[in-house]
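Novice: Sharing a structure, written as structure tokens. Questions coming.
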């Protein structure tokens, strides 16, 4: 049996509003649960109909939201969620079906996942309320608030066809927080990993990396990223994973040790120059990546909050599936 990287998906939470966009997450959740084991819980949040309730009271209509309206809505939702679970999820991977009433669906989803020990929130990029952005407002708010990794997928994504996982980095160790999960997924699905860094025209953190006149800018940054990645894996005590240099610039291997044996994942490093990081990430991902993984914070964790700039824009507009990972509290302390 393969030794596993220190990533678990024992509990996956799949939010749904029963739209086509939400359904895109079901099959992906099943594939991950089948590969890693574990259970899938479905959750549907009924928004509190505050204004309708107040309007009914003003009109004097003999209806009570809590006694007449919500019980019917909940009953209908429970039937739909049970049907979705039985239709898409294998019996051995079926967990619980949850229907809640809450004024803020995104907060209800994030809070439920945190309180119930979920390892991943897997959500459709768009729900019933379509927008011009590639990720709807509820999905975007879940990504922003969650301390648990969030995997947002479109309805046409096929996880069996993931061949290249792009991991964005601003060269800081904080920005490498998504790498262990990227390695676990690449190992399971036979994919390669590309570390992607953008040298921004008006300044970026990689300016702090000493340049060797003999090696040049890109190679100096590349070597610093690999060194910091190995430091990050060591600090996090992920002892069975390390990056091994091959001698070919920008082309290395992730080595996974399994007892006396080992296996490798192809690792590439891509460094681009551009006006903005999010534009270059979108451009690269649309043509070359099947999945984008990024930490929610970079640099010191405060001076350059990626959410609010790069990661948020990528999460909103990149056409490929995105997994966002929040660094551990230990990572923030060390940064």
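Bear in mind these aren't lab numbers, they're just calculated from the coordinates by the rules spelled out. Everything numeric in this text was worked out from a predicted model, so none of it was measured. Note: ideal-geometry Cβ built from the backbone for every residue, glycine included; neighbour counts use all protein chains shown.
Novice: FRET efficiency for residue 115 and residue 48, Cβ-Cβ distance as r, R0 = 25 Å, nearest 0.05?
Specialist: Efficiency at R0 = 25 Å is approximately 0.80.
Novice: Could I ask something else about it? Simple spin-label model, 7 Å along Cα-to-Cβ: residue 83 to residue 250 in nm?
Specialist: 5.2
Novice: So between residue 10 and residue 262, what do we pick up on full extension, going 0.36 nm a residue minus the alpha carbon distance? Spell out each step's value before the answer.
Specialist: On the way: separation 252, 0.36 × 252 = 90.72 nm, distance 2.47 nm.
Computed gain between residue 10 and residue 262 is 88.2 nm.
Novice: Apply 1/(1 + (r/R0)^6) to the Cβ-Cβ distance of residue 70 and residue 107, taking R0 = 25 Å, and write down the FRET efficiency to the nearest 0.05. Mind dumping the intermediate values first?
Specialist: Numbers: r = 19 Å, r/R0 = 0.74.
With R0 = 25 Å, the Cβ-Cβ based efficiency is 0.85.
Novice: Using a simple spin-label model with points 7 Å from Cα along the Cα→Cβ vector, what separation in nm is obtained for residue 227 and residue 34?
Specialist: 4.4
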